Amino acid sequence: MTRSTTTAFFLPLLAAGLCAQETALPEFDAASVKPSEHAEPTYSGIGPRGGRMLSIYWGCTGGPGTTDPGRYTCTNATLRGLIQEAWHLPTYRITGPDTLDGPTFDIEAKVPAGATEDQFRQMLQKLLIDRFHLAVHHDTREQQCYALTIAKGGHKLQVPPPGDTESPRDALNKNANGDGKAKTIDGLSPEEAALRDELRSRREQMTAAAGRATRVAAPPPSHIWTSSVNGLTRAAGRRATMADLMPWLTRTFGCPVVDRTGLAGEWNFIVEYGSTGGGPPSPAAAIVSSVQPAAANAAGSTPEPSTPTGGQSIFAAFEKQLGLKLEAARTPGDTLVVDKVDKTPVAN
């Protein structure tokens, strides 16, 4: 009887131990975390109008998918930025105390050979849990957002012509590509593109020489290109889907944008709006902007004017230019809630 009782007590403990081992997060081979030594601006040269130029370097580099997969370094990183990286979330899906945007930290971590990007993020999660006693939980909460719908009268997006290869950058540069054929490389002449690639290669070499890693894979080609000059933002889409447009609008506003248009397929468009003012607007706000009617649509109606008509917000621009309406709304979304985090990391 005694043996039976002991066995019954031992087996659940063993099972619990195995379960804990299976769910344990992977960890870095070694890691150093300390308050940043670079939090104060440093002298970086003479400004164009005289006077001292001060700058602060911040950012993280290295790890899986870069030219230095075995080393991950951060300079002047906030806790919010580290949590964003560790859980692969935009900032609007993270909520917590002011500490998240407070002190900054320098990190040096050795990444185990062969680690994947998912495993790397789990290692960073464990680092934050161990060194900052971070405690989080997921919650579904209502978030402010914008809803994109089709305006009264229908949308004005254009169907790409057959064989369309024009890039959005070509479209913004107003190249004479009315047949939808790309006559440039990313909107540049072959000579300019060659110079661009050479300068990019030099920057990557300088970055590597400074001990900072670069991404191995080139970013995928963008179907939306934006240019801002003298307070005017122009955005062009070429063969862009709603799946391309939603992330672009989300980055523009700094909050979620939900697609309620029901539109499928690929579309071409150009829109102009003012880019003056402060940061991204809240869903109850607007920014000053301008409108430019789109290029000839599928039926071949109106050409693009050379100057904006001026004066309207991005909301009016989308509605009048593209026949799409942006309205403030609320939507439930997964939120990472920071319950606890220390201001000072555990000593190395």
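The values are calculated or read from the model by the stated rules, or taken from the named source; none is laboratory data. Quantities reported herein were computed from a predicted structural model and do not represent experimental measurements. As a convention, Cβ positions derive from the backbone with ideal geometry for all residues, glycine included, and neighbour counts pool all protein chains shown.
Among the residues of segment 130-151, those that are in contact with an Asp or Glu (Cβ under 9 Å, 6 or more places away or on another chain) and exposed (fewer than 15 other Cβ atoms within 10 Å of the Cβ) comprise His133, Ala135, His137, His138, Asp139, Thr140, Arg141.
Within segment 152-199, the set of residues being more than 30 Å from Lys325 (Cβ to Cβ), in a loop (DSSP other than H, G, I, E, B) and at pLDDT below 70 comprises Asn175, Ala176, Asp179, Lys181, Ala182, Lys183, Thr184, Asp186, Ser189.
The number of residues in segment 52-93 being in contact with a strand residue (DSSP E or B) (Cβ under 7 Å, 6 or more places away or on another chain), at pLDDT below 95 and among the β-branched types (Val, Ile, Thr) comes to 6. For segment 152-166, the tally of residues that are at positive phi and touching a strand residue (DSSP E or B) at 6+ places or on another chain (Cβ under 8 Å) stands at 0.
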